[in-house]
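Each remark here refers to the structure printed beneath this line.
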Amino acid sequence: MTEKLQLNTKVIESQVQVELIGAIDEDAHFDSILELSGLKEYHFDFNEVPLINSCGVREWTNFIGKLDASCNIKYFNCRQIIIEQINMVHGFVPANASIETFYAPYFCEDLDKEYKILLKASDVSDKKAPEVKCPDGDNEMEFDAIEEQYFNFIK
């Protein structure tokens, strides 16, 4: 059973930082964020989100669509499951939002091991994966997805 979604919020002046912990599913509720007023910037940290299902996608897009279009929204630590939704679902990332950091799949051939490497969107140029050395070795790893599809969210 997956952990119910928790929202840890920290308001600093007109900015809120939201750490999402648990599954984004049909039981996910974002009312506590909508109840905050006078905010100009929203930071969402997806580092502790192990699962998002189709009902969760619906809940998220409904919620994110209710935020003021003039505010600034930033996504951080997007897991691969979040990146897949971003690339597939129109409205998952509104026009006033940006993906700042995300995990990308890499494979170390020498160790026969997969890694999820945290990247900045600015690390990716022309939808080409940046070179990354193996954290447990010294060799360069291979990007373990189709670059053009995986990096589709980077405009």
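The values are calculated or read from the model by the stated rules, or taken from the named source; none is laboratory data. This structure is a prediction, so every number in the text was calculated from the model and none was measured. Note that each Cβ is placed from the backbone with ideal geometry, even for glycine, and that neighbours are counted across all protein chains shown. Heavy atoms of the whole protein, side chains included, go into the accessibility calculation; ligands, DNA and RNA do not. Shrake-Rupley method; radii C 1.70, N 1.55, O 1.52, S 1.80 Å.
Summary of values
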{"read-out": "Within-13-Å neighbourhood charge of F44 [Cβ basis; K, R +1; D, E -1]", "value": "-2"}
{"read-out": "Loop GluC sites (Glu not before Pro), segment 8-110 (other Cβ atoms within 10 Å of the site Cβ: 10 or fewer; DSSP)", "value": "E13, E35"}
{"read-out": "Loop trypsin sites (Lys or Arg not before Pro), segment 1-110 (other Cβ atoms within 10 Å of the site Cβ: 14 or fewer; DSSP)", "value": "K40"}
{"read-out": "In sequence order, calculated HN-Hα J values of segment 116-130 (Karplus, 6.51, -1.76, 1.60; Hz; x Gly/Pro)", "value": "9, 9, 6, 10, 8, 4, 5, 6, 9, 10, 6, 6, 10, 5, x"}
{"read-out": "Radius 10 Å from Cβ of D27, net charge of other residues (Lys, Arg +1; Asp, Glu -1)", "value": "-2"}
{"read-out": "Per residue accessible area of segment 67-155, 1.4 Å probe, in Å²", "value": "58"}
{"read-out": "³J(HN,Hα), Karplus 6.51/-1.76/1.60, whole Hz, each residue of segment 20-34, x for Gly, Pro", "value": "8, 10, x, 7, 9, 9, 4, 8, 6, 10, 10, 4, 4, 6, 5"}
{"read-out": "14 Å beta-carbon shell around E114, net charge (K/R +1, D/E -1)", "value": "-3"}
{"read-out": "Hydrodynamic radius of the chain per Kirkwood, over alpha carbon pairs, in Å", "value": "16.5"}
{"read-out": "Residue-averaged [θ]222 nm for the chain, counting only DSSP H segments that reach four residues, each worth -39500 (n - 2.57)", "value": "-5000 deg cm²/dmol"}
{"read-out": "Accessible area of segment 20-106 belonging to carbon and sulfur atoms, whole % at 1.4 Å probe", "value": "47"}
{"read-out": "Farthest positive-ward along segment 1-147 dipole, Cα basis, beta-carbon charges - from L7, S32, F46", "value": "S32"}
{"read-out": "List L118, L36, L20, ordered by accessible area with a 1.4 Å probe, largest first", "value": "L118, L36, L20"}
{"read-out": "Dipole of the chain [Lys/Arg +1, Asp/Glu -1 at C-beta], most positive-end residue of L20, F151, I73", "value": "I73"}
{"read-out": "Free-standing Cys residues across the chain, given no other cysteine C-beta under 4.7 angstrom", "value": "C55, C71, C78"}
